[in-house]
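The values are calculated or read from the model by the stated rules, or taken from the named source; none is laboratory data. Treat the numbers as computed from the prediction; the structure is a model and nothing was measured. Cβ atoms come from the backbone with ideal geometry, glycine included; neighbour counts cover every protein chain shown.
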Amino acid sequence: MAPPLHRQRPCWRRHISFLSMESVRRLSPILAPATVITTLVTCLVIAKVNHRYTGTLVWPYFSDLGRDDPGYYVFVVGLTLTAIFLVAIWYFNFVFHARTLRLPIQDGALSPWLLRRSGLVSTLGILSVVGLPVLAICSTTSYPSVHSNAAYWFFILEALAVLINTSITYRIYKWRDHHPTPILECSAIATSRKHTHVQATFCAVFLIAFALYIPIGLAVVCDFAHLSTQECLALDLGEAYCTGTMHGSDPQWTKLWDYSHCRGSNQMRSGAQLGCIVTLVGYSVSFLLHKMPPAMPATDACEASPSHIQATRFTIATDPVEE
């Protein structure tokens, strides 16, 4: 009796799996920024409609918008979904680099260290998103230190990932521009040039906003102080809210933060935080310009692309039949 053959997944299942991964790769750069913008706008509307305290700033910190119910749940769900989409973005970014750099590295045109740097970028990007659900769940009033450190963790690692990734994008473009091959069409080189310019622009603006938000902002901002219970009541936020929900350990103070004594620097930091968010949104959309090169040549019909299979069938069907 012959030994049982190793069972493999049918071809159609493997093609469905490939199409699903391709859909995730294409949709993630759209879903991540869309989720962030939807979360930001929804939390802002909820805070304004419910007359929530946001520090009396012209543009409040994102964290203050998602501090209270029901905006808190929108904040948590939105940032958690964003973290998932960002993981997919950074993973497929490494896949794109691995396929794009394979031939120039084999030919000695580019250094293998470029691919290692791409792996570092994806690692930094994936590790950074851990901060999003943490800062969303741990609000500024319940766990202020955890919340702040999670936010700094996210933005610092994202800054490193964006900076290194932009340099890799530039190296790929310069290689394509100076080493044209029949495989690389003019449209591919033009797309690579546009990709480089878009990422470089968003990277530069993001780094400026990041500097104003964290290193410079923390250096010039005053010590954070809590809002007093009397000031909370004077703002007509509700006695139950001021003396109950947001009541601190000291009866004279609430858990809310007061930015009035250092309004200018806090307004600068909140605006810079918004700038970081907007530029990261734009940077994420730039991944739509990735033109994924083909993977390693297929070794069997099941691993080949559908177009290759169709072309093969057409050739077989049109071959003359030998009498």
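The figures follow:
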{"read-out": "Members of region 97-123 that are assigned to a helix (DSSP H, G or I) and in contact with a Phe, Trp or Tyr (Cβ under 8 Å, 6 or more places away or on another chain)", "value": "Pro104, Ser118, Gly119, Val121, Ser122"}
{"read-out": "Which numbered condition Leu163 fails, given (1) modelled with pLDDT of 95 or more; (2) crowded, with 20+ Cβ neighbours inside 10 Å", "value": "(2)"}
{"read-out": "Some residue of region 184-201 being of a type outside the set (A, V, I, L, M), modelled with pLDDT under 90 and not in a helix (DSSP H, G or I)", "value": "yes"}
{"read-out": "Every pair of residues 6+ apart whose Cβ atoms lie under 6 Å, when the first sits in region 233-247 and is under 19 Å from Pro70 (Cα atoms) while the second is among the basic types (Lys, Arg) and surrounded by 15 or more Cβ atoms within 10 Å (Cβ to Cβ)", "value": "Met246/Lys255"}
{"read-out": "Region 133-160 residues that are touching a residue at least 60 places away in the same chain (Cβ under 8 Å) and of a type in the set (Phe, Trp, Tyr), paired with ones that are buried (at least 16 other Cβ atoms within 10 Å of the Cβ) and outside any helix (DSSP H, G or I) (beta carbon under 7 Å, 6 or more apart)", "value": "Tyr152/Ile214; Phe155/Ile214"}
{"read-out": "Candidate set: region 56-90, residues that are surrounded by fewer than 17 Cβ atoms within 10 Å (Cβ to Cβ) and of a type in the set (Phe, Trp, Tyr); chosen: the one farthest from Tyr213 (Cα to Cα)", "value": "Tyr73"}
{"read-out": "Selection from region 104-123 of residues that are surrounded by 14 or more Cβ atoms within 10 Å (Cβ to Cβ) and of a type in the set (A, V, I, L, M)", "value": "Ile105, Leu110, Leu114, Leu115, Leu120, Val121"}
{"read-out": "Complete set of residues in region 248-287 that are assigned to a loop (DSSP other than H, G, I, E, B) and among the charged types (D, E, K, R)", "value": "Asp250"}
{"read-out": "Options Val41, Val45: the member that is assigned to a helix (DSSP H, G or I), at pLDDT 95 or above, β-branched (Val, Ile, Thr) and over 22 Å from the mean Cα position of the chain (by Cα)", "value": "Val45"}
{"read-out": "Enumeration of residues in region 5-38 that are outside any helix (DSSP H, G or I) and at pLDDT below 50", "value": "Leu5, His6"}
